[in-house]
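Right, one structure below, let's go through it.
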Amino acid sequence: MAEPNAQEAQKDASDRRTTPMVGRSATARKGYRPWRDPWVLASATLIGLVAAVVGIGLLISLLSDGGNSPDIASSADVRILSPSDGETIKGPVLLTVESPTRLIADPAEGIDGAAHFHAFVDIHPFTPSGEVIPEQEGIYHFYSSSLTLDLPPGSHRIILVLGDNEDVRIPGATVTAVSVTVE
């Protein structure tokens, strides 16, 4: 049997590089391009389509009310913009709030579906959901986006909730709170 010459050995080595590797991952092949693999493309396309359908569904559910009239209980949301939780403040506390999902109005106007803010300062437990929020010291009823609180020095907990025109705490509404220290 004759020895292979250099040219035949080179051809044999190049054949090994281009033939499929048995028992090894496809990604181990030199020059493998996953974006050209039909299985990778099909999987990526399917994942993309599922993500798009889920995203569109979420967007539709957020933007519509499902054909029902707005329900103050299911969509209420409140945020305390300032002060931040754990902040130390000198002087009066300027409470800045918002409700991106609700119409906020003076309850005296009697606008259907409108809400207004209630700040509970150092009151715990606060009024349960669905019950009337009382008029008492430490509970502030307001409909503007800010409220100045003259609090004594020390630590204070401020809890913000929404109430309807009759001062009933809106069931299911988001509750938010911050703790501050007044110097």
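The values are calculated or read from the model by the stated rules, or taken from the named source; none is laboratory data. All of these numbers come straight from a predicted model, not from anything done at the bench. Glycine also receives a Cβ, built like all others from the backbone with ideal geometry; neighbour counts cover every protein chain displayed.
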Among residues of region 116-126 being part of a loop (DSSP other than H, G, I, E, B) and within 20 Å of residue 95 (Cα to Cα), the residue nearest to the chain's Cα centre (by Cα) is 126
For region 95-115, check the following and say yes or no: at least one residue is part of a strand (DSSP E or B), more than 24 Å from the chain's Cα centre (by Cα) and without any contact (Cβ under 8 Å) to a residue 60 or more places away in the chain. no
*Within the bounds of region 123-130, is there any residue that is more than 20 Å from residue 181 (Cα to Cα), modelled with pLDDT of 95 or more and touching a strand residue (DSSP E or B) at 6+ places or on another chain (Cβ under 8 Å)?*
no
When region 92-129 is checked residue by residue, the ones that are charged (D, E, K, R) and either in contact with a Gly (Cβ under 6 Å, 6 or more places away or on another chain) or surrounded by 13 or more Cβ atoms within 10 Å (Cβ to Cβ) (or both) are 98, 102, 106, 122
